[in-house]
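The values are calculated or read from the model by the stated rules, or taken from the named source; none is laboratory data. The model shown is predicted, which means the values in this text are computed figures rather than measured ones. Every residue, glycine as well, gets a Cβ built from its backbone with ideal geometry; the counts of neighbours run over all protein chains shown. The accessibility values were calculated without ligands, DNA or RNA, using every heavy atom of the protein model including side chains. Shrake-Rupley method; radii C 1.70, N 1.55, O 1.52, S 1.80 Å.
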Amino acid sequence: MRVLVKGAGVAGLTVAWQLYRHGFRVSVADQADEVGAGASGFAGGMLAPWCERESAEEPVLAFGRLAADWWEAALPGHVKRRGTLVVAGGRDAGELDRFSRRTSGWEWLDEPAIAALEPDLAGRFRRALFFRQEAHLDPRQALSGLAAGLEEARMHLLFGSGQAAIDCDQVIDCTGAAQIGRLPGLRGVRGEMLCIETTEVSLARPVRLLHPRHPIYIVPRDENRFMVGATMIESDDSGPITARSLMELLNAAYALHPAFGEARVTETGAGVRPAYPDNLPRVTQEGRTLHVNGLYRHGFLLAPAMAGEVARRLLTEQGQPERRAS
């Protein structure tokens, strides 16, 4: 079966990779000029289903707990299994108790344990929650890795207007926010982020700073860089980051460690994340097209599960048993 996957974000590339591993002939097409040009390129890359359970439904944990293994199998060496640290400032210490009541898979850390885990945070927080089983990856490196693997396997990746000439038996639409206003119930949730660079702070794992109004996360990248995110605004505006959001993110980073006040801002960005009313993704059918959409803020976490669902549907249609695929 020849399959055309529309969209080269995290949903499209994971679907394409899963189908390729199951023996399908796959083409990927995107109207953008490069891989991950949409919201996927601004993601945090946190594979944190236990933390996300704080504000998400049970399926996010049930499906998301398999994500780190999927990404490691697809891209060996890209996944960093160092857990997630959750902290709160003195006035917001009660947020940690609330967070713990809504989640599982954590352990309490005291000041010495925090210092042992993240030396640069020594003396800054009296206690923290540590989600040992969680992981993270660099989204842009992961997307580029999947695309390179597909090209090496001689699958077609076409950008710009090239998809118009593709002949296929099945279409998988993973175009995300482009379907807002077309797929029933799909809405946009704007997320804003920034990247900073400094040699004055070192973190080994994502750190979430709880705050009643502006909770943020800081994810370490290579070469002394950090991604700071992310706002959640009910809007499908994909314009530049707002001054208010920029100030909130920078203030929160400074609250985590004052040395971030001297960091260089190397990038800002905003993306529209498509979401259904229950904030859970869906695979829906429209003629010969399957739509994979609604990944909300859980793109890298839930895309592998959605890719598996697509593969099961197509294999069932062909009368083939599902086989293990990385």
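Structure above, values below:
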| item | result |
| --- | --- |
| Residue ID - nearest to Met227 (Cα to Cα), chosen from residues in region 151-207 that are in a loop (DSSP other than H, G, I, E, B) and free of Cβ contacts under 8 Å to residues at least 40 places away in the same chain | Thr199 |
| Hey, Arg124 touching a residue at least 60 places away in the same chain (Cβ under 8 Å), over 28 Å from Arg25 (Cβ atoms) and part of a loop (DSSP other than H, G, I, E, B) or not | yes |
| Matching option when the condition is open to solvent by 20 Å² or more (accessible area, probe 1.4 Å), more than 17 Å from the chain's Cα centre (by Cα) and not acidic (Asp, Glu), among Arg221, Arg244 | Arg244 |
| Residue count, region 55-81 (criterion: within 17 Å of Phe130 (Cβ to Cβ) and surrounded by fewer than 17 Cβ atoms within 10 Å (Cβ to Cβ)) | 1 |
| Restricting region 249-287 to residues that are in contact (Cβ under 8 Å) with a residue 60 or more places away in the chain, touching a helix residue (DSSP H, G or I) at 6+ places or on another chain (Cβ under 9 Å) and polar (S, T, N, Q), the residue that is farthest from Glu57 (Cα to Cα) | Thr268 |
| Where a residue in region 50-63 is touching a residue at least 40 places away in the same chain (Cβ under 8 Å) and its partner, wherever it lies, is open to solvent by less than 50 Å² (accessible area, probe 1.4 Å) and aliphatic (A, V, I, L, M), with Cβ under 6 Å and at least six apart | Glu52/Val60; Arg53/Leu61; Pro59/Leu280; Phe63/Leu302; Phe63/Ala305 |
| Exclusive hit being in contact with a helix residue (DSSP H, G or I) (Cβ under 9 Å, 6 or more places away or on another chain), polar (S, T, N, Q) and open to solvent by 10 Å² or more (accessible area, probe 1.4 Å), set Gln133, Gln141 | Gln133 |
